[in-house]
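A.B. asks: One structure coming up, written as structure tokens, with questions to follow.
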Amino acid sequence: MIKNIVVFFLFTVALVGAQVPRVALPPPGPSRYYIHVVNRLSKLGLLVHCQSKDDDLGYHRLLNHGDDYQWNFKVNFWGTTLYWCKLETPHAYVSFESFWPETQHLWLRDRCKHGTIGTCIWTAKDDEIYLRNFLANVDELIHKWIYKR
């Protein structure tokens, strides 16, 4: 009798286990990211200040068209790494998150994945701020300048 109950229990567990829906997790992102801020302004220099909660990267002047400020990091153990930047010209500024953790949506990861490397390229142009979308091979308008009075 006990043998029959054990067999029935194991059969039930196997049957129920086979019917449990599997949750599809997104593929892991790159372990290291490279963030670039590029000056593509036609005339003015660009002041860049980027930081995270734990790491102030300081102020950097990108005086010439094509100048590039960059840094790299590994996402922390908890997956909560967050960086933000303020870009400023004599006439305008903008503040934005330049890297953030993604657990549900992969918007940033999709744009910043360049092969197996995580590379986010933020570009300051005369009209607005763009993020390079490597999958579509285009610069996407993301932020607008806030003009000073």
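The values are calculated or read from the model by the stated rules, or taken from the named source; none is laboratory data. Bear in mind that the values here come from a model prediction, so they are computed numbers and not experimental data. No Cβ is skipped: glycine too gets one built from the backbone with ideal geometry, and neighbour counts run over all protein chains shown. Areas reflect the complete protein model, heavy atoms only, side chains present, ligands, DNA and RNA absent. Shrake-Rupley method; radii C 1.70, N 1.55, O 1.52, S 1.80 Å.
A.B. asks: If you check Pro101, Pro90, which single one turns out to be open to solvent by 60 Å² or more (accessible area, probe 1.4 Å) and either among the acidic types (Asp, Glu) or in a loop (DSSP other than H, G, I, E, B) (or both)?
C.D. replies: Just one listed residue meets the conditions, Pro90.
A.B. asks: Go through segment 53-71 and give me each residue that's at pLDDT 95 or above, open to solvent by less than 80 Å² (accessible area, probe 1.4 Å) and not aromatic (Phe, Trp, Tyr).
C.D. replies: Residues satisfying the conditions are Leu57, Gly58, His60, Leu62, Gly66, Asp67, Asp68.
A.B. asks: Something else: Report yes if Thr81 is open to solvent by less than 70 Å² (accessible area, probe 1.4 Å), of a type in the set (Ser, Thr, Tyr) and in a loop (DSSP other than H, G, I, E, B), otherwise no.
C.D. replies: yes
A.B. asks: Could you tell me how many of the residues in segment 104-115 are open to solvent by less than 60 Å² (accessible area, probe 1.4 Å) and free of Cβ contacts under 8 Å to residues at least 12 places away in the same chain?
C.D. replies: Qualifying residue count, segment 104-115: 1.
A.B. asks: Going by the conditions given, is Asn39 assigned to a loop (DSSP other than H, G, I, E, B), closer than 25 Å to Thr119 by Cα and at pLDDT 95 or above?
C.D. replies: The answer is no for Asn39.
A.B. asks: Output the residues belonging to segment 83-93 that are under 18 Å from the mean Cα position of the chain (by Cα) and either touching a residue at least 40 places away in the same chain (Cβ under 8 Å) or within 18 Å of Ile117 (Cα to Cα) (or both).
C.D. replies: Those that are under 18 Å from the mean Cα position of the chain (by Cα) and either touching a residue at least 40 places away in the same chain (Cβ under 8 Å) or within 18 Å of Ile117 (Cα to Cα) (or both): Tyr83, Cys85, Leu87.
A.B. asks: Please enumerate the residues belonging to segment 63-122 that are of a type in the set (Val, Ile, Thr) and closer than 21 Å to His143 by Cβ.
C.D. replies: Scanning segment 63-122 gives Thr81, Thr89, Val94, Thr119, Ile121.
A.B. asks: Moving to a separate point now. Out of the residues in segment 116-149 that are under 15 Å from Ser95 (Cα atoms) and of a type in the set (Ser, Thr, Tyr), which is most open to solvent (accessible area, probe 1.4 Å)?
C.D. replies: Out of the qualifying residues, it is Tyr147.
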